[in-house]
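First comes the structure, then the notes that go with it.
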Amino acid sequence: MSKQKMLAARELIQEKRYAEARALLKTVDNPTASVWLKKLDEVEPPIVISATPTRDRLVYETFLKQWAEVEKTILLVGAFGLVLFAGYLAVADPFRNSLTFLLFDKPEIRDAVITSFPLLSIALAMVAIWRSTQNRRIQQTLLKMNPGQLRAIAVKSMLLTFVWVGLGVMKSDQPRLPLGICWALIAIFHFWRASKAAKLQSLGITSNQDRISPH
C-alpha cells in the first residue's frame, strides 16, 4: 500500500499537483515520504489559514488580494502594449536598415529575424495574459518579494536612465530617449512594488510565516 501511494504521489508531483501530492505523502510513514515532503515545501511552500482569522489576518488577506488584482491589471495592460508594439514592428519595420547593414550578405536570416520580432511580442503578450489568470501563483510571488532587493533594482534602473539619456543629450541622439523612458518606468514600478512589499511585512506576516489561502 505504501509503495502504491508513493507511486501515486510521484505522478501527482510530475503533474505539478503539489497540494494533492502533499496530502497523500502525509499518510505514508517512511523516510522517503518525509524527504519528498521537504522538497515539496521548497518548490511550493504550504499555505495555511487560521480557523479563526484575527482582524490583522483579515487586513493582511485583503491587502494581498488587492495587490494581486493590481498586478493582474498591470499584466493585462502590458499584454495590450506588447500587441500594439508587435503591430508597430510589423508596419514600421524600424530595424530593417540596421539589420540590413549587419546581415547584408544574409538576407534570409535578416528577414527571419525581422519576422521574429512581432511574433515574439505576441508570444510575450500571451504569456502575460495567461499569467494574469494564475491568482495563486501571483499571490505566492508577491509573498516572496523582498523590499530591499526591489529598491536596489529600482535604483540601478534609475541610474541607467540618467546615464543613457545623459549620453543621448550630449550626442544629440534622440533614439536613446524611448529606452530611457522604459528604464524610468521600470524604476518607478519597482519602487512601487518595494513599498507594497514593505507594507505587507509591516502587517506582521511575511512569506516565511503563516500563509493566507488564496481564493
Fill in: Value of relative contact order over the range 65-135, rounded to a whole percent, pairs C-alpha under 8 Å and six or more apart
55
Worksheet entry | Local net charge near residue 67, Cβ-Cβ under 12 Å (Lys/Arg +1, Asp/Glu -1) | +2
Practice prompt. Give, rounded to the nearest 20 debye, the magnitude of the charge dipole that the range 4-135 has about its Cα centre when Lys and Arg contribute +1 at Cβ and Asp and Glu contribute -1 at Cβ.
Written response: 340
Worksheet, complete the sentence: Per the C-alpha gyration tensor (a ≥ b ≥ c, the square roots of its eigenvalues), the range 65-135 is rounded if a/c is under 1.5, else prolate if a/b beats b/c, else oblate; here it's prolate
Fill in: Entries of 16/156; 16/65; 3/38; 72/199; 65/144; 72/196 with Cα pairs more than 26 Å apart
16/156
Worksheet item: For the pair residue 3 and residue 189, how long in nm is the line joining their label points, each one 7 Å along Cα→Cβ?
Response: 5.2
Discussion item. Quick query: amide H of residue 145 versus all other amide H atoms, modeled in the peptide plane; which residues come in under 5 Å with a sequence gap of 5 or more or a different chain?
Written reply: none
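Bear in mind these aren't lab numbers, they're just calculated from the coordinates by the rules spelled out. The shown structure was predicted, so the numbers you read here are calculated from the model rather than taken from an experiment. Every residue, glycine as well, gets a Cβ built from its backbone with ideal geometry; the counts of neighbours run over all protein chains shown.
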